[in-house]
Each structure stands twice: as C-alpha cells, then as structure tokens.
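Nothing in this text is a laboratory measurement; each read-out follows from the coordinates by a stated rule. Model, not experiment: these values are computed from the prediction. Every residue, glycine among them, receives a Cβ derived from its backbone with ideal geometry; neighbour counts consider all protein chains shown.
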Amino acid sequence: MSDVRILEETDRTTGRDALRKNIQAAVALAGAVRSTLGPKGLDKLLVDDEGRSMVTNDGITVLESAKVEHPIAHMLIAASATQDQTVRDGTTTTVLLASEWLQNAWHLVVQGVHPATIARGFRMAESYCKDHIESLTFEATKEHVYAAAMTSLAGKLHTKMQSTISECAVEAAEAITMTSNGNIVADPTRVKVITRCGPSLEQSKLITGLALPKKRAHVEMPSTLGAGSILLVDGGLELRSLSTDVQLNVTSTSALQSFRDAEQQRLLEQVNMLKKLDVTLLACREGIDDSTHAHLAEAGIKAFRRVAKSDLELLARGCGARLVPTIHQAKDADVGVFISSRCERWGDVDHWILETDEGGATFVASGSTETVVGEVERCFADALGVACRLKEDPKLIPGGGATYIALARRLRRYAETVPGREQLAIEAFADGLETIPRVLAENAGMDSIDTLLQIVSIQSTESDDTIGLNVLTRQPENMREANIVEPSRVLEQAISGASEATIAVLRIDDVLWAKQEISVPDDVQATLDGTAADRR
Ligand code: ADP
Ligand code: MG
C-alpha cells in the first residue's frame with residue numbers, strides 16, 4: 001500500500017502501453033522530418049514564438065526549433081544532435097532509422113517477442129554492421145571529397161550554389177589541415193565565417209587567411225603590412241578611469257594632473273614595450289586610448305581594438321601567439337608571426353585580412369536576406385564538416401541508399417545463422433535500414449516498394465553493392481560513377497546513434513509522469529473565489 005502512496009502525485013503508464021506510447025512519440029517526430037530527406041526533400045518553414053521565420057531543409061534545424069515535450073522525442077533529438085556535432089551530417093537519417101526500428105520492434109512485441117530479446121538482436125545486428133561497413137568503403141581522392149561535399153548539400157539551395165559552397169569547403173579544409181603528433185587534424189572551427197546581408201548569394205566566397213569585420217584604430221597606421229610579429233592582448237591600452245578603476249585622495253591641485261601624467265607615461269611605456277618586442281601588429285579585446293594612436297602610428301604599429309575573444313583565440317592559433325592579459329606581461333614567447341596584413345572595404349564595412357603560416361581561411365556567406373545568409377552558413381558548415389572529416393579519415397561509401405541495401409542483404413544472410421528469436425530482430429533491423437532508400441524514392445515521387453525491389457535485384461544479380469537510387473535521373477545507378485558518395489563515418493555514427501536510442505527506448509517499461517501543478521495567478525484566483533470585488 002505504501003508504494004501507492006508514494007506515487008500519489010504521479011501518472012503511471014506501464015508495460016506494453018508505455019512502449020506503444022513511446023513508439024508513437026518517436027514515429028510522430030520522424031514524421032516531422034521524413035519529407036526533408038534527400039535532394040528531392042522539401043523545405044520546412046519554421047516560425048518561432050516571436051514571429052521570426054526560417055526556411056530550411058536541414059533535419060536537425062527543424063527538430064531543434066520544434067517545441068517538443070515528450071521525453072522520448074527528446075532522446076531521438078539528442079541522438080540526432082550528437083550526429084550533427086560529431087559528423088555534421090546524417091541527422092534526418094538517424095531519426096528515421098530509430099523510428100523505423102522502433103516500429104518494427106513493436107510488430108515483434110505484438111507477436112509475443114520480449115523487448116529485451118529484440119534489444120539483444122538489435123545489438124548483434126549493429127555490431128555486425130560495424131564489422132562489415134569497412135568492406136563497402138573505398139578511398140577518397142580530392143574529386144571524391146568534392147563529390148561528397150556536393151552530396152551533403154543535395155536538395156539545399158540551387159546547383160550552382162552547391163558547387164560554389166563545395167569548392168569553398170574543400171579549399172578551406174585543405175587550408176586548415178595540419179599534422180599533430182603524426183595524426184592529420186582538420187578542425188572546422190579554425191575556419192572563420194562572416195556574414196554579409198545584402199550582396200547576392202553568388203558573392204559568397206572563400207578568402208585565404210583570417211578576415212574580421214574590423215577597422216584599424218587610426219587612419220595613419222599602415223593599411224598594409226608585410227611579414228611581421230603580432231601581439232594579442234586580452235585587455236586594452238587605456239587610461240584608468242577615475243570613476244571606476246582608482247580611488248584618489250586629492251590633497252593639492254597638482255595631484256590630479258600628476259596622476260594623469262603618470263597614466264600617460266604608463267601608456268607610453270607600453271608602446272615602448274611593443275617596440276622592444278618588435279611587434280608590428282596589435283589586437284586588443286578592450287579599447288585603445290586615442291592619445292596612444294599617434295605613438296603607435298609613429299612606431300609603425302597597426303592596431304585593432306575591441307576584437308572579440310573568440311576571434312583573438314582564432315588569431316592566436318593561426319599565428320602561434322599566446323593571449324596575454326596586459327602588454328606589461330608580454331614576453332618574446334607570447335608574440336606570434338604573420339605573413340601579411342591588409343585592410344579592405346567590402347560594401348560599407350571595413351575588413352582586416354591576416355595571412356599566416358598556419359593557413360586559416362574565412363568563408364564570406366552572402367545573401368539578399370538574413371534567411372538566405374543563414375541557410376548559406378548552415379550549408380557551408382555541413383560541406384566543411386564532410387570535407388574535414390574526409391581529410392582525417394578518407395573513407396567513402398556509395399550514397400543514394402546503396403550501402404543501406406547492401407548491409408540489409410548481408411544482415412538477412414547473417415540472421416539465418418542465428419538460431420534464437422534474435423533472428424527475427426536482426427531481420428527487423430535489416431528492414432529498418434531499407435527505410436532510407438524507401439524514403440528517398442518516396443520523396444522523389446517514385447514507388448518506394450518497386451524501386452527498392454529493383455535495386456535489391458540488380459545488386460544481387462550483378463554482385464554490385466554500389467547500385468543505389470539516383471533521384472535526379474530516377475534510375476538505379478552505380479553511385480560511385482554518379483558521384484553520390486558519403487563519408488563512411490556518417491553511416492557508422494547514424495547506425496550506432498540510432499540503435500543506441502532505439503535500444504534505450506525498448507528497455508523502458510514504466511513511465512512515471514509527475515503531475516504538473518497548475519499555478520493560477522493571484523488576481524485570477526481572486527476572481528474565481530469571488531473576493532476580487534471586496535478588494536476594490
Ligand atoms: P541527412 O539529414 O540525413 O543528411 P539529407 O537530406 O542530407 O539527410 O539526405 C541525405 C541522403 O540523401 C543520403 O542518404 C544521400 O546518399 C542521399 N542523396 C544525396 N544525393 C542523392 C541523389 N542524387 N540521389 C539519391 N540520393 C541522394
Ligand atoms: Mg545531409
């Protein structure tokens with residue numbers, strides 16, 4: 001009896017009922033992004049509670065903007081968000097796979113298979129896939145990297161833009177790739193993205209070096225510099241303010257003046273420090289006092305003030321410099337180097353462009369409206385993610401659902417060798433994988449069953465695992481030749497992320513919801529109680 005008392009303020013759903021409701025939530029969530037999959041996927045118009053709107057084809061953007069309350073839907077969104085963070089692609093795929101596996105699992109539960117047995121079968125299928133993806137991969141050449149970037153943008157923007165963004169992404173990935181401890185590292189966060197609202201979409205471009213929308217502190221400072229040294233300061237070069245920074249007991253009329261003189265002297269000393277360190281370029285997070293401009297210009301030092309901390313960190317990585325709190329604390333080892341520094345005016349905004357040894361690149365995302373610029377930015381991030389991933393791990397798989405079908409065919413053969421009820425779960429897992437080519441066909445307005453059967457039959461009669469659906473020609477084709485290829489990591493992560501989420505849902509047999517108290521504002525309560533009139 002005491003158990004019941006504990007759960008008094010709680011709604012409870014148990015057993016099959018809990019599983020059914022959880023699966024319904026997952027299917028409903030997948031339904032929201034199903035129609036965006038693939039090049040023929042349609043866009044979604046998202047409107048937030050402040051009335052701002054966004055048009056996108058990106059699964060995770062749709063999911064993260066939706067106000068979702070069901071905890072199971074949150075679990076799937078989290079799996080999709082992890083997919084986005086780790087491999088930057090395959091977010092819609094992850095949600096579709098998880099929801100399809102859950103539906104197939106439900107059919108087995110109805111037939112009397114225990115969810116724990118299904119979970120075990122799914123784990124066996126997942127690890128079989130992990131072991132066999134390798135045999136379906138091939139080595140990426142530079143052309144393939146470009147093709148994979150194009151594939152990741154399929155259905156987004158228009159074809160010309162896809163190729164411009166893909167070229168920029170491949171070039172940017174080249175620029176930031178470095179070797180660290182014998183490993184190749186391509187960190188996409190080293191590419192700076194700046195946005196320009198106004199110029200047309202086609203004016204989006206890649207610039208070698210780091211570009212920041214910044215104006216040099218004074219016109220007399222040199223606009224262009226050849227190779228030199230740079231100091232990055234996480235503070236400023238300013239006079240201390242009497243109202244905030246210091247407290248002064250003024251005993252004579254000259255005391256204030258001597259304080260000011262001393263402050264000026266302090267700034268001058270810092271300029272001399274810069275000269276001693278042989279610095280030709282200075283970037284500060286805070287301000288630079290007007291009185292020092294002339295001294296800096298005289299010393300041939302070009303300075304930038306109010307540079308964001310994130311930009312200073314990017315500059316530090318590019319120049320091999322270390323951020324210092326004040327100029328006084330700077331040592332030779334903190335100073336970095338650059339190849340050239342120049343200022344350019346684009347439209348009516350001044351930009352500072354710095355080229356360094358460590359490469360570095362900036363993508364300028366342009367578009368007529370903020371909505372367009374936002375989509376260009378997201379597309380570039382996707383293509384860059386793919387290009388960087390392939391720099392580190394140059395393994396590709398055929399796209400267009402080919403690899404999903406090839407894995408499903410292998411899994412079915414494997415299932416035959418498993419004697420227990422897990423066999424049914426492995427078959428259900430294989431069916432779930434085929435959801436990707438089915439939805440690709442469906443979104444292209446083709447018959448999903450006929451298309452799937454046709455591809456399966458060609459793959460098995462010709463023993464060719466690269467046959468998939470090209471939705472542009474609406475024909476089964478060799479995906480390698482059609483240049484529809486994807487990083488194998490995207491598939492690996494989608495399978496492992498989606499199966500983790502599926503198994504987690506299958507293991508839940510009890511859902512306890514705390515009853516939410518409805519709070520009524522005081523004045524409304526007063527009206528309800530009939531006491532409002534008394535107060536008046
Ligand atoms: P996700 O969010 O999962 O990345 P996308 O909408 O980007 O979803 O679609 C990716 C899928 O589209 C991949 O499976 C990819 O192989 C497929 N795809 C891309 N281009 C083509 C094409 N021309 N024909 C068929 N499938 C394609
Ligand atoms: Mg994609």
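For the reader, a short list of remarks on this structure follows.
- Each of 262, 128, 316 was placed along the dipole of the chain (beta-carbon charges, centred on the mean Cα), and the one lying farthest toward the positive end is 262.
- Hull volume per residue, based on the alpha-carbon atoms of region 61-143 and their convex hull, is 133 Å³.
- Fewest-first ordering of 473, 362 by other beta carbons within 10 Å of each residue's beta carbon gives 473, 362.
- With respect to the chain, whose longest principal axis is taken over its alpha-carbon atoms, helix 159-176 is tilted by about 60°.
- Relative contact order computed over the chain (Cα-Cα under 8 Å; 6+ residues apart), in percent: 26
- Projected onto their three principal axes, the Cα atoms of the chain cover extents of 95, 80, 42 Å, largest first.
- For region 370-490: rounded, prolate or oblate by the Cα gyration tensor [a/c cutoff 1.5]: prolate
- Check: region 355-400 dipole with +1 on Lys, Arg Cβ and -1 on Asp, Glu Cβ, in debye: 300
- Calculated diffusion of region 401-460, Stokes-Einstein form, Kirkwood radius summed over Cα pairs, 10 °C and 1.306 mPa s, µm²/s: 134
- Residue by residue, region 80-89 carries 3J(HN,Hα) couplings of 5, 5, 5, 4, 5, 5, 7, 10, 6, 8 Hz when phi is fed to the Karplus relation 6.51 cos²θ - 1.76 cosθ + 1.60 (θ = phi - 60°); x denotes Gly or Pro.
- Listed residues 29, 55, 115: farthest to the positive end of the dipole of region 26-120 (Cβ charges): 115
- Computed over region 215-330, the percent of Cα pairs more than 18 Å apart is 52.
- Take the convex hull of the alpha carbons in region 149-270; its mean projected area over all directions comes to 14.4 nm².
- Extension gain for residue 258 to residue 28 (0.36 nm times residue separation, less C-alpha to C-alpha distance): 75.5 nm.
- Helix 309-319 and the long axis of the chain differ in direction by around 90°, with both axes built from C-alpha atoms.
- Across region 484-499, rounded Karplus estimates of 3J(HN,Hα) from the backbone phi angles (6.51 cos²θ - 1.76 cosθ + 1.60, θ = phi - 60°) give 9, 9, 9, x, 5, 4, 5, 5, 4, 5, 5, 5, 6, x, 5, 6 Hz, Gly and Pro being marked x.
- A viscosity of 0.890 mPa s and a temperature of 25 °C, combined with the Kirkwood radius over Cα pairs in Stokes-Einstein, give a translational diffusion coefficient for region 111-193 of 149 µm²/s.
- Stokes-Einstein D for region 174-241, Kirkwood Rh over Cα pairs, 20 °C, 1.002 mPa s (µm²/s): 130
- Stretch gain in nm, segment residue 461-residue 326, where the contour uses 0.36 nm per residue and the Cα spacing is subtracted: 41.5 nm
- For the chain, calculated [θ]222 nm from helices alone, where every DSSP H run of n ≥ 4 adds -39500 (n - 2.57): -16000 deg cm²/dmol
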